[in-house]
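K.L.:
I have a structure here, written as structure tokens, and I will follow up with some questions on it.
Values in this text are rule-based calculations from the coordinates and carry no lab data. Please read all numbers here as calculations on a predicted model, not as lab measurements. In this analysis, Cβ positions are derived from the backbone assuming ideal geometry, glycine residues included, and neighbour counts consider all displayed protein chains.
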Amino acid sequence: MVLNVKTQTDNYNIILQRGAINRVAEFYDTAKKALIVTDSGVPFEYAKTVSAQFSNSIIKAIPQGEKSKCFDVYKDLLEALCENEFSRSDCVVAVGGGVVGDLSGFCASTYMRGIDFVNIPTTVLSQVDSSIGGKTAIDFSGYKNIVGAFYPPKVVIIDSDVLKTLPQRQINNGLVESIKMAAACDKDLFEFMENNDLYENVDKVIEGSLKIKKYIVEEDEKEQGLRKVLNFGHTAAHAIETATGLCDLLHGECVAIGMLAFSSPSVRARLTSLLKKYNLPTEFDFVGDTILEALRHDKKSAGDGVNVVFVNEIGSFEFKFLDFNQLDDAVKGAYLK
């Protein structure tokens with residue numbers, strides 16, 4: 001399947017085909033010189049498979065984890081491009097999850113004022129979410145994604161066969177983003193998730209999620225309005241991450257918990273049931289004022305409250321301003337039993 005994303009900045013295709021990682025030349029000009037970026041958590045065979053299809057390529061493997069999305073690693077990638085005399089007609093190819101994609105895309109956006117960027121996401125989370133939309137960034141001075149650019153890829157190549165090497169927990173972590181988008185935007189997809197095994201239907205779930213995000217990105221490429229719906233669950237998730245020091249929860253797991261705070265009781269019940277079906281958390285050790293304090297300092301805060309995405313019914317949403325008292329009530333109502 002091929003989806004074409006049309007934005008004011010650029011048009012590009014998303015390829016969703018099993019085995020596509022072995023057929024990169026069908027979707028992109030592999031005569032170009034390529035810097036292939038991967039990380040230590042991705043099976044190296046994937047980067048080698050992609051590299052072998054380019055006439056001239058270099059593989060750069062960075063350490064796994066968010067800490068690599070930093071200025072020092074970004075600088076290392078730029079040095080690799082310079083030392084190997086990459087030109088404006090060459091490219092950067094990401095083979096990995098969200099960290100690799102964000103970092104590689106930002107590097108491509110700034111080298112020689114912009115060279116081609118190809119994204120080959122290898123996690124559920126990056127396949128359904130971060131691989132499209134053109135957001136690229138690095139973390140800096142303690143702030144997440146504070147330095148970045150909107151820079152669309154030339155093509156996104158999604159091969160669900162690569163998911164076979166992912167731990168089950170990472171697959172479930174990525175499914176949260178699909179559940180989030182369906183809960184807010186697509187009643188039929190949500191009901192499909194409730195009534196079917198997502199592991200056996202992962203291609204359908206990825207396709208449905210991509211279609212939602214494609215529509216949103218085409219309508220609002222730079223997050224001036226509609227695209228903010230993708231923050232559903234993230235407001236409370238970021239507060240949970242801040243208050244608990246990330247603990248042992250993955251980001252998607254925090255989003256799973258975060259959605260419950262800004263849902264009606266009926267939606268919360270359905271979300272809880274679906275999340276539990278995939279061993280995703282629906283509660284945590286509430287740390288009282290620490291969570292509430294983190295919410296008050298959210299980047300979406302305005303004056304005496306916070307702007308949130310609220311889901312009253314599955315498949316629809318509203319942007320809502322909650323003052324701090326309403327915010328406290330929403331959080332305590334979701335997490336204090």
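K.L.:
Could you pull out every residue, at least 5 positions away or on a different chain, whose amide H is within less than 5 Å of the one on V147? Hs are placed 1.01 Å off N in the peptide plane, and Pro or chain starts have none.
P.N.:
I138, F140
K.L.:
Once you've got the GNM for the chain with C-alpha springs shorter than 10 Å, pick whichever of A31, A149, A61 has the biggest mean-square fluctuation.
P.N.:
A31
K.L.:
Moving on to the next point. Would you mind calculating the relative contact order of the range 27-163 from Cα pairs under 8 angstrom and at least 6 residues apart, reporting the percent as a whole number?
P.N.:
Relative contact order for the range 27-163 comes out at 22 percent.
K.L.:
Kindly provide the helix-only [θ] at 222 nm of the chain, computed as the sum of -39,500 (n - 2.57) over DSSP H runs of four or more divided by all residues, to the nearest 500 deg cm²/dmol?
P.N.:
About -12500 deg cm²/dmol.
K.L.:
Counting only residues 5 or more places away or on other chains, whose amide H sits under 5 Å from the amide H of T122 once H atoms are built in the peptide plane?
P.N.:
Result for T122 returns G96, G97.
K.L.:
Shifting gears a bit: Show me the GluC sites (Glu not before Pro) within the range 147-235 that DSSP assigns to loop and that have at most 13 other Cβ atoms within 10 Å of their Cβ.
P.N.:
Here the sparse-neighbourhood loop sites are E200.
K.L.:
Here is a further query. Please report Rg (one decimal) and Dmax (integer) in Å for the Cα set of the range 34-169.
P.N.:
My reading of the Cα-based Rg and Dmax gives 13.5, 41 Å.
K.L.:
Taking K and R as +1 and D and E as -1, what net charge do the other residues with C-beta under 12 Å from the C-beta of K6 add up to? Write out the running numbers ahead of the final one.
P.N.:
Values: positive: K214; negative: D10, E218, E219, E221.
So the environment of K6 carries a net charge of -3.
K.L.:
Net charge within 9 Å of I21 by Cβ-Cβ distance, Lys/Arg positive one each and Asp/Glu negative one each, not counting I21 itself? Intermediate results must be reported in sequence, preceding the final value.
P.N.:
Values: positive: R23; negative: D159, D161.
Value of the local net charge: -1.
K.L.:
Report the local net charge at D116: Lys and Arg +1, Asp and Glu -1, summed over other residues whose C-beta lies under 14 Å from its C-beta. Working shown, then result.
P.N.:
Values: positive: K32, K33, R88, R113, K154; negative: D10, D29, D90.
Local charge sum for D116: +2.
K.L.:
Tell me, how many Å apart are the Cα centres for the range 48-95 and for the range 307-337?
P.N.:
Spelled out, the Cα-based centre of one part sits 42 Å from the other.
K.L.:
Kirkwood Rh over Cα pairs of the chain into Stokes-Einstein at 10 °C, 1.306 mPa s: D in µm²/s?
P.N.:
In µm²/s, the coefficient rounds to 78.
K.L.:
Can you compute the equivalent ellipsoid semi-axes for the range 60-110, i.e. the square root of 5 times each eigenvalue of the Cα gyration tensor, sorted largest first and rounded to whole Å? List each step's numbers first, then the result.
P.N.:
Working: eigenvalues 66, 27, 16 Å².
Equivalent ellipsoid of the range 60-110: 18, 12, 9 Å, largest first.
K.L.:
Moving on. Could you tell me which residue out of I212, A80, N13 lies farthest along the dipole of the chain toward its positive end? Charges go on the beta carbon: Lys and Arg +1, Asp and Glu -1, centred on the Cα centre.
P.N.:
Farthest towards the positive end: N13.
K.L.:
Continuing with this model, one more query. Can you compute the equivalent ellipsoid semi-axes for the range 130-177, i.e. the square root of 5 times each eigenvalue of the Cα gyration tensor, sorted largest first and rounded to whole Å? If you can, show how the numbers build up before the last one.
P.N.:
On the way: eigenvalues 124, 57, 14 Å².
Working through the eigenvalues yields semi-axes of 25, 17, 8 Å.
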